[in-house]
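Below is one structure, written out as structure tokens, with a few remarks after it.
The values are calculated or read from the model by the stated rules, or taken from the named source; none is laboratory data. Being a predicted model, the structure only gives us computed values, none of them experimental. Neighbour counts are summed over all protein chains in view; Cβ atoms, including those assigned to glycine, are modelled from backbone coordinates with ideal geometry. These area figures cover heavy atoms from the full protein model, side chains too; ligands, DNA and RNA do not enter into them. Shrake-Rupley method; radii C 1.70, N 1.55, O 1.52, S 1.80 Å.
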Amino acid sequence: MQDLSALPHELTGNTVPMISFKSVRKAYGDLVVINDLDLDIQVGETVSIIGPSGSGKTTVLRMLMTLEDVNGGVIYVDGKPLTHMVKNGKLVPANERHLRKQRVNIGMCFQHFNLFPHMTAIENCMEGPVQVLGLSKSEARERSEELLELVGMIDKKDQHPARLSGGQQQRVAIARALAMRPKVMLFDEVTSALDPEVIGEVTNVIRNLVAEHNLTMLLVTHQMGFARDISDRVCFFFGGKIEEQGSPDQLFGNPQRERTRQFLSAVREAI
Amino acid sequence: MLDFLVLYWPRLLSGTGITIAQFLAAAVLGVAISLVFGLAKLSSTLIVRGIATTYIEVFRGTSLVVQLYWIFFVLPLFGLTIDNFTAGYIAVGMNIGAYGAELVRGGILSVPKGQWEAAVAVNMSGFQRMRRIILPQALVNMLPPWGNLMIELLKGTALVSLISVGDLMFQARQINASTFLSAQVFGAALIIYYILARFMLTPCMRWLERVMARKLGRA
Ligand SMILES: Nc1ncnc2c1ncn2[C@@H]1O[C@H](COP(=O)(O)OP(=O)(O)OP(=O)(O)O)[C@@H](O)[C@H]1O
Ligand SMILES: [Mg+2]
């Protein structure tokens, strides 16, 4: 039980980070996957997470999307506890009602897109706004068309996912997440399941988002060039901890830690 | 055979009508029970899960005829009297519901985990996730086995003749008892059941499967 005086904005002074992990721990049985993680991400910041397989990158995003609970510590989003709620002046694990209230801030795109197969592209985008945000169908359609336009999928808006290529599905999935107007967007290896020739169409959409929208973004990626281009900061994960972080130029150009150097040279060799 | 049909078709027809009515009533009840107990079987609450498991075990593990007799002959001893038509479709529906519950449960489990996660990511409530995302997909996956179950259900309705519901089987037995034209009467019944199953039920299920497949954009 943490007491309320530990709320992050009272510690960090003037600016409240959009995302704040405080001593977060996650374990599956005996296997500790995230080990005492502290990580602040500022409003509008784009942060990439890189690291070897099994280092806990996906777990970080899944905890933020509340797809996994935490076993220790607290995650704050927009200054408010996400994983916990305040009850009688104490932080207790969040219930579903609290989670639903906090989740409105967060959107996520998955490696395997996870579009709803029984809905067309535009229905996928309209589903959340209509069902969850309570928009009228016409408002939701207008919003969805705008976003499908943004990701270059407007001409396929009435197709079901089964009729779309992987790159097209992923772009629809990005539009679907954006339709909820989140403050934070999470991308978990969104190009890993794609054929090489369509990776660009998805990364270009993300590049545009970074350039033109004030979203806070957290990306897990194996594409080092892409991470270097778009990130304000890169975190190298190793064994459930941040082994090293810094600006892309620092981390890729002049890594300080041995493990970072090893990982980067292994990745470069693989290409 | 022809003069036989000329003579007895009104009774066979009325019996067929009752059989279809029994089938429809039992199907509606069975589908409802399947949904409720299939979902209950997946509940995170132990008691709810326990009730569902017990129901499914009892109704799958015992004979339909015994269940029918229980509902029609034994329940009145506890003050719950039901007319024979109602007792008939309740017994058949409850029995088929136990099998259907397993299909519903399997269908729901067959929906990939990513679908649940995507539904969480757009911040749907548990109820919305189930109704809007999971069940529609589960339904498509379980339609083919449901087709078989519906045929079992149709055949199962023949047992309601044992509590004197005037269905096709009941009429056939009555005609047989008064005319001893066993081959003709049961032959006719056989053919009528076959026609109902193969030329009415199966095409309906196929049509449903096609409609659902189209909704998934698969067709
Ligand atoms: N549901 C689970 N049950 C048990 N262990 C799990 C579960 N999910 C993840 N893990 C383990 O947690 C560790 C971290 O997993 P995670 O998916 O976060 O890694 P990752 O860095 O995303 O790796 P990759 O690059 O392969 O995607 C791994 O060792 C994984 O095996
Ligand atoms: Mg991963």
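In the stretch A:49-58 there is no residue matching the filter, namely being farther than 23 Å from A:Gly225 by Cα, within 12 Å of ligand 2 (Cβ to nearest atom) and touching a residue at least 60 places away in the same chain (Cβ under 8 Å). If you go through the stretch A:184-212 and keep only what is open to solvent by 20 Å² or more (accessible area, probe 1.4 Å) and either in contact with a Gly (Cβ under 9 Å, 6 or more places away or on another chain) or small (Gly, Ala, Ser) (or both), you end up with A:Ser192, A:Ala193, A:Asp195, A:Glu197, A:Val198, A:Ile199, A:Gly200, A:Glu201, A:Asn204, A:Ala211.
Considering B:Ile33, B:Ile47, B:Ile56, B:Ile51, the condition of being assigned to a helix (DSSP H, G or I), out of contact with any helix residue (DSSP H, G or I) (no Cβ under 8 Å at 6 or more places or on another chain) and at pLDDT 95 or above is satisfied by B:Ile47 alone. Out of the residues in the stretch A:97-113 that are surrounded by fewer than 23 Cβ atoms within 10 Å (Cβ to Cβ) and of a type outside the set (Lys, Arg), which is nearest to ligand 1 (Cβ to nearest atom)? Among those that are surrounded by fewer than 23 Cβ atoms within 10 Å (Cβ to Cβ) and of a type outside the set (Lys, Arg), it is A:Gln111.
Looking across the stretch B:180-198 at every residue that is among the aromatic types (Phe, Trp, Tyr) and either open to solvent by 80 Å² or more (accessible area, probe 1.4 Å) or on the phi > 0 side of the Ramachandran plot (or both), the one that is modelled with the lowest pLDDT is identified as B:Phe180.
Return the pair list, or none, for Cβ contacts closer than 7 Å from residues in the stretch A:217-232 that are polar (S, T, N, Q) to residues that are within 16 Å of ligand 1 (Cβ to nearest atom), at least 6 apart or on different chains. If the second residue must be within 16 Å of ligand 1 (Cβ to nearest atom), the pairs left are A:Thr221/A:Ser48; A:Thr221/A:Ile50; A:Thr221/A:Glu189; A:Thr221/A:Ala227; A:Gln223/A:Thr191; A:Ser231/A:Val47; A:Ser231/A:Ser48. The conditions of being within 16 Å of B:Glu152 (Cβ to Cβ) and not basic (Lys, Arg) are met by B:Glu102. Flag: B:Leu143 matches the condition of being of a type in the set (A, V, I, L, M, F, W, C) and within 14 Å of another protein chain (Cβ to nearest Cβ).
The set of residues in the stretch A:85-99 that are within 19 Å of B:Met124 (Cα to Cα) and either away from chain B (no Cβ under 13 Å) or under 17 Å from the mean Cα position of the chain (by Cα) (or both) comprises A:Ala94, A:Leu99.
Provide a single number: the residues in the stretch A:63-92 that are open to solvent by 30 Å² or more (accessible area, probe 1.4 Å), within 13 Å of ligand 1 (Cβ to nearest atom) and in contact (Cβ under 8 Å) with a residue 60 or more places away in the chain. So the count comes out to 0. Being out of contact with any Ser or Thr (no Cβ under 7 Å at 6 or more places or on another chain), among the small types (Gly, Ala, Ser) and either within 16 Å of ligand 2 (Cβ to nearest atom) or over 20 Å from A:Asn105 (Cα atoms) (or both) is a property that A:Gly29 has. Being open to solvent by less than 90 Å² (accessible area, probe 1.4 Å) and more than 21 Å from A:Pro196 (Cα to Cα) is a description that applies to A:Leu218.
Looking across A:Thr216, A:Thr260, one residue alone is among the β-branched types (Val, Ile, Thr) and under 20 Å from A:Phe110 (Cα atoms). It is A:Thr216.
Taking the listed residues A:Val132, A:Val172, A:Val151, the one that is of a type in the set (Val, Ile, Thr) and touching a Pro at 6+ places or on another chain (Cβ under 8 Å) is A:Val172, with no other qualifying. Selection of the stretch A:115-130 for residues being acidic (Asp, Glu) and either more than 9 Å from chain B (Cβ to nearest Cβ) or more than 24 Å from the chain's Cα centre (by Cα) (or both) yields only A:Glu123.
A quick yes/no check of all residues on (1) closer than 22 Å to A:Ile19 by Cβ; (2) free of Cβ contacts under 8 Å to residues at least 60 places away in the same chain; (3) at the interface with chain B (Cβ under 10 Å from one of its Cβ atoms):
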| position | (1), (2), (3) |
| --- | --- |
| A:Phe110 | yes, no, yes |
| A:Val132 | yes, yes, yes |
| A:Glu145 | no, yes, no |
| A:Glu149 | no, yes, no |
| A:Met153 | no, yes, no |
| A:Lys157 | no, yes, no |
| A:Arg171 | no, yes, no |
| A:Ala177 | yes, no, yes |
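Being assigned to a helix (DSSP H, G or I), more than 17 Å from the chain's Cα centre (by Cα), more than 12 Å from chain A (Cβ to nearest Cβ) and of a type in the set (A, V, I, L, M), is that true of even one residue in the stretch B:108-115? Talk me through it step by step, then tell me what you get.
Narrowing the stretch B:108-115 to residues assigned to a helix (DSSP H, G or I): B:108-109, B:113-115.
Then drop every residue that is not more than 17 Å from the chain's Cα centre (by Cα), which leaves B:108-109, B:113-115.
Subset that is more than 12 Å from chain A (Cβ to nearest Cβ): B:108-109.
Applying the additional criterion that residues be of a type in the set (A, V, I, L, M) yields B:108-109.
Within the stretch B:108-115, one or more residues are assigned to a helix (DSSP H, G or I), more than 17 Å from the chain's Cα centre (by Cα), more than 12 Å from chain A (Cβ to nearest Cβ) and of a type in the set (A, V, I, L, M).
Consider A:Gln42 against the criteria (1) touching a residue at least 60 places away in the same chain (Cβ under 8 Å); (2) within 12 Å of ligand 2 (Cβ to nearest atom): it satisfies all of them except one. Which criterion is unmet? Looking at each condition in turn, A:Gln42 falls short on (2).
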